[in-house]
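Only one structure is covered here, and it is reproduced in the block below.
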Amino acid sequence: MESISVFDMLSIGVGPSSSHTLGPWRAALRWIEELKEKNQFEEVAEISVDLYGSLSLTGKGHATDIAVMLGLMGFDPVTFPIENIEKEIGFITSENKLKLNNEREIPFIPKENIIFNRKFLEFHPNGMTFTATLTNGSKKSSSFYSIGGGFTVKEERKNKKVKLDEFAKFPFPIEKGTELLAYCKAEGKSIYEIVLENEKSLRSEAEINDGLKKIWDVMLDSMYVGAHTGGILPGGLNVTRRAFDMNKNLIGDIKYTNAEEWIDAIRSTEVKFRQILKWVSCFALAVNEVNASLGRVVTAPTNGSAGVIPAVMMYYMVIENHDANFEDVRKFLLTSGEIGSIFKKGATISAAMGGCQAEIGVSSSMAAGALCELMGGTPEQCLMASEIAMEHHLGMTCDPIAGLVQIPCIERNAMGAIKAINACEMALDSDPSKAKVPLDKVIATMWETAKDMTSKYKETSEGGLAVQVNISDC
């Protein structure tokens, strides 16, 4: 059984896509490690990168080429100053040189050394191959696959045994929702308490709290930055940022200087039903406008769906419970991360594999279950909320216009957040013992739907809105 940490499901990275940006970035870093382990790094004379399938078809819009170059330069996506992206890429394109792992300068022409292949590799739609030409003329190649959420694997999955061994110490190994509920019942614990025990087998509670605090800080910062940044999103669609005007209209003349004061300001406003909808939408749009502009966000479980979970948590803090604190954030993130991992094990969180149901659908499901936990729901009600949220995302296609994570992706985060809240409320008012569709069944249905879905609706920009709407229409 493969066990996945919450810190794998909720990881800090750079937009606009976890599978098309963060994954290739991490793959490039892993390839450099391979070269060093084989004592080939110092012998590299030239390199080339082949992108396949979905990485090729929507790679330009997802900044895959930029991510690959940043990875080849050895930068960490968690800590790299995003304001330096333009400068670093500008040096490569103007000088036709790349400083491999920030150690060795080699010739590199992006248009020639990064090849976009429409061909799909068999193992996964998001394939890439790194090739090094050594000083003796020999070539060394290595292929990676970006499987969603920033996760990268090799076809032979040599790293899987290491991963399994690492997590064998989980006291509560979980693959299905039924297993999670069984542990909750046997131990008399809530979902987040079971997840916390698993995490404590890997790191100290202080480290867990510190990691979750960093995740929430990035989520909050992305909401704040997005809600206070106007203008047009990059990419050529001329999409206007909307969170800025929404926040301005909702907050009125209240003064504040930082994110914490912003939270207090929102709490002080009169919030009616329409304002609730607008605020939740504002939070979600803000995050994904930051994501669409190569900003720093948290994959939750992907970059394309990064706005749902922070928006729902923020809803709880500013609408439902003005006394909410870090303990609530901790419960929310632990619960949502575990629900996401069950989807990853039973289906997929990759739009290139399952369409947008695998991104927005999963994030909405994660947020619904986690909110239900905060609202006092039983473990059974929490998983019921997750099931309801996914049930109403089944079959959602991934059809980004021009391959950009903007239309319809940004709005889908707002809709996913609203659905999560609605699903939570329905579950809280229901008797889970009478539920007709358990979470595990909807996950299985999602996976069957994904396999039946034609490839043109799986993040290729070859179907749906991507072909019905031209760039000139925008």
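Specify the residue that is surrounded by the fewest Cβ atoms within 10 Å (Cβ to Cβ); the eligible residues are those in region 221-248 that are in contact (Cβ under 8 Å) with a residue 24 or more places away in the chain and more than 23 Å from ALA300 (Cβ to Cβ).
For region 221-248, the residue satisfying everything is ASN238.
Can you find, within region 289-303, the residue that is nearest to the chain's Cα centre (by Cα) among those that are within 15 Å of ILE82 (Cα to Cα) and not in a helix (DSSP H, G or I)?
Filtering first and then ranking leaves VAL298.
Can PRO125 be described as touching a residue at least 60 places away in the same chain (Cβ under 8 Å), of a type outside the set (A, V, I, L, M, F, W, C) and out of contact with any strand residue (DSSP E or B) (no Cβ under 6 Å at 6 or more places or on another chain)?
For PRO125, the condition - touching a residue at least 60 places away in the same chain (Cβ under 8 Å), of a type outside the set (A, V, I, L, M, F, W, C) and out of contact with any strand residue (DSSP E or B) (no Cβ under 6 Å at 6 or more places or on another chain) - is met.
Within region 401-413, which residues are touching a helix residue (DSSP H, G or I) at 6+ places or on another chain (Cβ under 6 Å) and surrounded by 24 or more Cβ atoms within 10 Å (Cβ to Cβ)?
Passing the criteria: ILE401, VAL405, GLN406, ILE410, ARG412, ASN413.
Tell me yes or no: at least one residue of region 58-69 is within 26 Å of the chain's Cα centre (by Cα), surrounded by 13 or more Cβ atoms within 10 Å (Cβ to Cβ) and of a type in the set (Lys, Arg).
Step one: filter region 58-69 for residues within 26 Å of the chain's Cα centre (by Cα), giving 58-69.
With surrounded by 13 or more Cβ atoms within 10 Å (Cβ to Cβ) added as a condition, the list becomes 58-69.
After this cut, where a residue has to be of a type in the set (Lys, Arg) as well, the list is 60.
Yes, region 58-69 contains a residue that is within 26 Å of the chain's Cα centre (by Cα), surrounded by 13 or more Cβ atoms within 10 Å (Cβ to Cβ) and of a type in the set (Lys, Arg).
Residues to consider are GLY369, GLY340, GLY355, GLY376; find the one that is crowded, with 24+ Cβ neighbours inside 10 Å, on the phi > 0 side of the Ramachandran plot and either more than 16 Å from the chain's Cα centre (by Cα) or in the same structural domain as GLU193 (by TED's automatic domain parsing) (or both).
It is GLY355.
What residue, of ASP328, ASP323, is among the acidic types (Asp, Glu) and part of a loop (DSSP other than H, G, I, E, B)? Show your work before the answer.
Details: ASP328 fails: part of a loop (DSSP other than H, G, I, E, B).
Going through ASP328, ASP323 in turn, just one is among the acidic types (Asp, Glu) and part of a loop (DSSP other than H, G, I, E, B): ASP323.
From the list LYS248, LYS255, which residue is farther than 17 Å from MET317 by Cβ and not in a helix (DSSP H, G or I)?
Exactly one of LYS248, LYS255 is farther than 17 Å from MET317 by Cβ and not in a helix (DSSP H, G or I), namely LYS255.
Please go through (1) closer than 27 Å to THR348 by Cα; (2) out of contact with any strand residue (DSSP E or B) (no Cβ under 9 Å at 6 or more places or on another chain); (3) not β-branched (Val, Ile, Thr) for SER146 and return the number of the only condition it doesn't satisfy.
(2)
Can you find a residue that is in the same structural domain as PHE326 (by TED's automatic domain parsing), in a loop (DSSP other than H, G, I, E, B) and touching a residue at least 40 places away in the same chain (Cβ under 8 Å) anywhere in region 211-220? Full working, then the answer.
Filtering region 211-220 for residues in the same structural domain as PHE326 (by TED's automatic domain parsing) gives 211-220.
Filter once more, so that each one left must be in a loop (DSSP other than H, G, I, E, B): none.
The answer is no, given that none of the residues of region 211-220 is in the same structural domain as PHE326 (by TED's automatic domain parsing), in a loop (DSSP other than H, G, I, E, B) and touching a residue at least 40 places away in the same chain (Cβ under 8 Å).
Look through region 26-54, keep the residues that are closer than 28 Å to GLU207 by Cβ and out of contact with any Phe, Trp or Tyr (no Cβ under 8 Å at 6 or more places or on another chain), and return whichever of them is surrounded by the fewest Cβ atoms within 10 Å (Cβ to Cβ).
GLU37
Please go through region 414-461 and give me each residue that is surrounded by 24 or more Cβ atoms within 10 Å (Cβ to Cβ) and in a loop (DSSP other than H, G, I, E, B), ordered by number.
Scanning region 414-461 gives GLU459, THR460.
Just to be sure, is LEU294 within 28 Å of LYS60 (Cβ to Cβ) and surrounded by fewer than 24 Cβ atoms within 10 Å (Cβ to Cβ)? Give the steps one after another, and end with the answer.
Working: within 28 Å of LYS60 (Cβ to Cβ): yes; surrounded by fewer than 24 Cβ atoms within 10 Å (Cβ to Cβ): yes.
Answer is yes for this residue.
Which pairs do you get when a residue that is at positive phi, found in region 398-416, comes within reach of a residue that is assigned to a helix (DSSP H, G or I) and surrounded by fewer than 23 Cβ atoms within 10 Å (Cβ to Cβ), reach meaning Cβ atoms under 8 angstrom, with the pair 6+ apart or on two chains?
ALA402/ILE471
Could you pull out the residue among ALA306, ALA284, ALA243, ALA265 that is in contact with a strand residue (DSSP E or B) (Cβ under 9 Å, 6 or more places away or on another chain) and of a type in the set (Gly, Ala, Ser)?
Being in contact with a strand residue (DSSP E or B) (Cβ under 9 Å, 6 or more places away or on another chain) and of a type in the set (Gly, Ala, Ser) holds for just one of ALA306, ALA284, ALA243, ALA265, which is ALA306.
Restricting to strands (runs of 3 or more DSSP E) lying wholly in region 94-160: which have 3 or more residues that are among the β-branched types (Val, Ile, Thr)?
Details: elements: 97-100, 104-107, 114-117, 127-134, 139-148, 151-153.
Correct list: 127-134.
Which of (1) within 25 Å of VAL195 (Cβ to Cβ); (2) not in a loop (DSSP other than H, G, I, E, B); (3) not aliphatic (A, V, I, L, M) does SER3 not meet, given it meets every other one?
For SER3, the exception is condition (2).
Kindly evaluate MET384 against the criterion of being in a helix (DSSP H, G or I) and either closer than 25 Å to ILE194 by Cα or charged (D, E, K, R) (or both).
On the way: in a helix (DSSP H, G or I): yes; either closer than 25 Å to ILE194 by Cα or charged (D, E, K, R) (or both): yes.
Answer is yes for this residue.
Could you please let me know if ALA206 is surrounded by 14 or more Cβ atoms within 10 Å (Cβ to Cβ), modelled with pLDDT of 95 or more, part of a helix (DSSP H, G or I) and of a type in the set (Gly, Ala, Ser)?
no
The values are calculated or read from the model by the stated rules, or taken from the named source; none is laboratory data. None of the values given here were measured: they were computed from a predicted structure. So basically every Cβ, Gly included, is an ideal-geometry build from the backbone, and we count neighbours across all protein chains shown.
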